[in-house]
Amino acid sequence: MKRHLPVEFIFQLFSLFIAIILVHGIYVSIIRPSAAAVLEEQAILMNSDPDYIPERSPFVVVKDFEQECCFILMLWALSLMGYKTLLSSRERKILQMDLIPINQGTSILPEDAREFSRPVQALPDNQQGYLLPRALLTALHRFRSTRNIQDVSSSVRAICESESERLDSELSMIRYITWAIPSIGFLGTVRGIGQALSQAHKAVQGDIAAVTQALGVAFNSTFVALLISIIVMFLMHQLQLAQERQVLDAEDYCDNRLISHLQS
């Protein structure tokens, strides 16, 4: 399992780099020029018609740096969750394989443990590191050495609990991103309110354009950040649910196809 950690770390850095380039490129080429054009057109219409009510443009809502950072973090979190989902789907394919070929009513004696472990040992090296093959091999080796079925069941349960804790700990980066997104949105709120307060003297003189624009930065950043946070949190909980089901299915596989056939 150790050799997979550098690959995942490199993937995290590479996906963050790609997310920054992609989102910043879209902002520079599309969003900010479009937002500037919309604001300029609205300013002309407001000067010519005092009763004109500007429409809420999506380009203006997402044009600021805080929203750009939120989209970068969202894309990064989606790539990390996609990587985790791919690993989970590969492990789930192992559950469809008959790694313990045994008929109903047949018992496995401690002397047979070596023979039944050969199909699992014949798997490719990358698949032997998955949860189910590790649990089956540990159970067969423990049964061969101890001849105690309860000890075998405890060892399988311990491996599954350890795997569940490992999967949960590996979601810490995604949890940090889901925390950082609304935090960045609140930073935009503070920045917008600070700009509005610095322009308060113009509002006293009757020019409220600068104040309303600064307040727009505050509210837009919070709106976008919270919306993105809701989406990322939902997808993260779906990924966590899939991983928990995967561990439970692996434990059920060991119970139904191996432990129930053991006879000491």
Using 0.36 nm per residue, how much length does the chain from LEU197 to ALA180 gain when fully extended, once their Cα-Cα distance is taken away? 3.5 nm
In the calculated pair distance distribution of the chain, what percentage of Cα-Cα distances lie above 27 Å? 56
Which whole-Hz couplings ³J(HN,Hα) result when phi for each residue of the range 79-84 is put into the Karplus expression 6.51 cos²θ - 1.76 cosθ + 1.60, θ = phi - 60°, listed in order with x for Gly and Pro? 5, 5, 5, x, 5, 5
³J(HN,Hα) computed for each position of the range 54-60 - Karplus, 6.51 cos²θ - 1.76 cosθ + 1.60, integer Hz, glycine/proline x: x, 7, 7, 8, x, 5, 6
Using modelled backbone amide H atoms (1.01 Å from N, in-plane), which distant-in-sequence or interchain residues come within less than 5 Å of LEU262's amide H? ILE108
Could you state the principal axis extents of the C-alpha atoms in the range 1-144, from the largest down, to the nearest angstrom? 93, 33, 18
Can you tell me the accessible area per residue over the chain, all protein chains present, probe 1.4 angstrom, in square angstrom? 58
Using θ = phi - 60° and the Karplus relation 6.51 cos²θ - 1.76 cosθ + 1.60, list the HN-Hα couplings for the range 219-236 in order, rounded to whole Hz, with x at every Gly or Pro. 6, 5, 5, 5, 4, 5, 5, 5, 5, 5, 4, 4, 5, 5, 5, 4, 5, 5
Quick check: convex hull of the Cα atoms in the range 219-264, volume per residue, rounded to a whole Å³? 39
Computed accessible area, ASP112, all protein chains, 1.4 angstrom probe, square angstrom: 40
Please report, in whole Å³, the volume per residue of the convex hull around the C-alpha atoms of the range 66-188. 118
Percent of C-alpha pairs per 10 Å bin, the range 135-264, short to long: 12, 24, 17, 14, 12, 9, 7, 5, 1, 0
Quick one: in the range 59-133, what % of C-alpha pairs are over 19 Å apart? 60
Nearest 10 degrees is fine. How inclined is helix 172-198 to the longest principal axis of the chain, computing both from alpha carbons? 10
How many times 2.2 N^0.38 Å is the alpha carbon radius of gyration of the range 79-118? 1.78
Tell me, in nm to one decimal, what length is gained between LEU16 and TYR52 on full extension, where the rule is 0.36 nm per residue of separation less the Cα-Cα distance? 8.7 nm
Suppose we keep just the alpha-carbon trace of the range 1-61; what are its Rg and Dmax in angstrom? 20.7, 68
Give, rounded to the nearest 20 debye, the magnitude of the charge dipole that the chain has about its Cα centre when Lys and Arg contribute +1 at Cβ and Asp and Glu contribute -1 at Cβ. 740
Surrounding charge for GLU8, neighbours by C-beta under 10 angstrom, Lys/Arg +1, Asp/Glu -1, total 0
Using only Cα atoms, what Kirkwood radius does the range 28-92 have, in angstroms? 14.7
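The values are calculated or read from the model by the stated rules, or taken from the named source; none is laboratory data. Remember, predicted model here, so these are calculated numbers, not experimental data. All Cβ positions, even for glycine, are placed from backbone atoms using ideal geometry, and neighbour counts span all protein chains on display. These area figures cover heavy atoms from the full protein model, side chains too; ligands, DNA and RNA do not enter into them. Shrake-Rupley method; radii C 1.70, N 1.55, O 1.52, S 1.80 Å.
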